[in-house]
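Colleague: Dropping the structure in here first, questions after.
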Amino acid sequence: MAPHEIVCWECGRTVKDMYADTCPSCGGLLMIKMDLEPLMEMRPEDLHGTPIGVWRYAPFMPVETANIVSIREGGTPLYPCSVLGAEIGVNDLFVKYDGANPTGSFKDRGMTVGVSHASEIGAKIVGCASTGNTSASLAAYAAKAGMRCVVFLPSGKVAAGKLAQAIFFGAKVISVDGNFDEALAVARELSEERALYLLNSINPYRPEGQKTVLFEIMDQLAYDVPDRIILPVGNAGNISAVHKALIELKEIGWIDKVPMLTGIQAEGAMPIVRAFNSKLADFVPEEHPETVATAIRIGNPISGRKALRAIYETGGHSVSVTDEEILAAQKILGRREGIGVEPASAASVAGARKLREMGIIDRDERVVCICTGNALKDPDTIISSSEPPVKCSKDLSSIKSILDL
Ligand code: F0G
């Protein structure tokens, strides 16, 4: 474990309280400040003795290795996608498929670190609000760690696969009569009363694990830094974590340029895009977010300010895509590349296509789209947006006539 401290992202003060979610002085977001000194002497290859995955990068993690709670997260494929690339007009396109994580989403990267830390400080009950994936992931890691788990979900707006996972792994599932932002407010109140240890991405330990998607991309591209990384933005934890990873790699001298971080939101839930369009450092929350991509149906992203800084500091961009564009991108990924993603993940590819059409992305850029969640998370959306199965008798000749044989 690298030595570290918790500091306020806004005012820079050091925070000693391990349970704090926000700065006791100014109310700002917290972050982990790693002591990267031990890494200064190292090269990326020095970590290659450990298989690719979150814990290859243990020296960047604020947790003792003896306390790790793991179900082998990370180590997901980076697919070169020439057919998809040709379709959208980008010559050098990759998809980082984080749907291949143990519970089917990128959340496992942060959760292994968050729950390891919870175990380190002796937490007995862990909890989160979630649009689905965080709850599925937390439920699995809490089960592995032998902790009680409670999850707060926006009623009726969580995809079937995710809900099934949270129940299956034994979490207490509370269906809140409200949207994600309201469910998070409830969870935060309970956390302030110390009734549970909160593992939403406002917890500064969780994003540390999410940095590893960037470390893996760099390893998989042999440290040939891509021009742009595109990812969907909901609560804005992931883009902020990727930005932090870039800052750390630059600090230790493993990279000397950074990719343009590009955040995609759904048209019905786009507070970050609006702020970006007006060149603002802060955003105005949206009260009634709505999109088919329920994972990113969020109007008041907790890490929204961090996300905006990530985009501005890397010279990136932010754009919204419609539900139709999201579903079309999901289908192309499946039918041209054999990659099954949930709608929120397809937003990154829909965004790539749109930004290429707008001329923001150049044909010769090397672009990596992060696809955050597995298609099986949300089977209902796939079924309702696809052709239904063909009903047929057992009679061979009628089957042949259906198949035009
Ligand atoms: N993609 C998927 C599949 C997600 O589940 C989420 C967020 C995001 C993208 C956006 O990531 O919030 O870090 O900007 N899901 C959270 C959840 C909110 O509760 O599962 P973000």
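For every residue, the table says whether it meets (1) modelled with pLDDT of 95 or more; (2) away from the ligand (no atom under 16 Å from the Cβ).
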| position | (1), (2) |
| --- | --- |
| Ser348 | yes, no |
| Met358 | yes, yes |
| Gly373 | yes, no |
| Pro379 | yes, no |
| Ile382 | yes, no |
| Lys391 | no, yes |
| Ser401 | no, yes |
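Colleague: Being assigned to a helix (DSSP H, G or I) and surrounded by 16 or more Cβ atoms within 10 Å (Cβ to Cβ) is the filter; apply it to region 145-163 and report the residue that is farthest from the ligand (Cβ to nearest atom).
Modeller: So, considering only residues that are assigned to a helix (DSSP H, G or I) and surrounded by 16 or more Cβ atoms within 10 Å (Cβ to Cβ), the one farthest from the ligand (Cβ to nearest atom) is Ala145.
Colleague: Quick one: Gly114 ticks every box in (1) open to solvent by 30 Å² or more (accessible area, probe 1.4 Å); (2) farther than 21 Å from Arg297 by Cβ bar one, so which box is it?
Modeller: Status for Gly114: all satisfied but (1).
Colleague: If you go through region 220-272, how many residues are more than 13 Å from the ligand (Cβ to nearest atom), open to solvent by less than 30 Å² (accessible area, probe 1.4 Å), over 14 Å from Ala352 (Cβ atoms) and not in a loop (DSSP other than H, G, I, E, B)?
Modeller: Qualifying residue count, region 220-272: 4.
Colleague: Please determine whether any residue of region 112-132 is within 10 Å of the ligand (Cβ to nearest atom) and either in a helix (DSSP H, G or I) or free of Cβ contacts under 8 Å to residues at least 40 places away in the same chain (or both).
Modeller: For region 112-132, residues within 10 Å of the ligand (Cβ to nearest atom) and either in a helix (DSSP H, G or I) or free of Cβ contacts under 8 Å to residues at least 40 places away in the same chain (or both): absent.
Colleague: Count, please, the residues in region 345-359 that happen to be in a helix (DSSP H, G or I), farther than 15 Å from Cys81 by Cα and open to solvent by 50 Å² or more (accessible area, probe 1.4 Å).
Modeller: 2
Colleague: Against the definition (within 16 Å of the ligand (Cβ to nearest atom), open to solvent by 10 Å² or more (accessible area, probe 1.4 Å), of a type outside the set (Lys, Arg) and part of a loop (DSSP other than H, G, I, E, B)), how does Asn203 come out, yes or no?
Modeller: Judged against the criteria, Asn203 is not a match.
Colleague: I've got another one for you. When the residues of region 292-312 are narrowed to those that are in a helix (DSSP H, G or I) and basic (Lys, Arg), which ends up nearest to the ligand (Cβ to nearest atom)?
Modeller: The extreme case among them is Lys306.
The values are calculated or read from the model by the stated rules, or taken from the named source; none is laboratory data. Please read all numbers here as calculations on a predicted model, not as lab measurements. When we count neighbours, we look across all protein chains shown, and the Cβ atoms used for this are built from the backbone with ideal geometry, even at glycine. Each accessible area value is taken on the protein alone, full model and side chains, heavy atoms only, with ligands, DNA and RNA left out. Shrake-Rupley method; radii C 1.70, N 1.55, O 1.52, S 1.80 Å.
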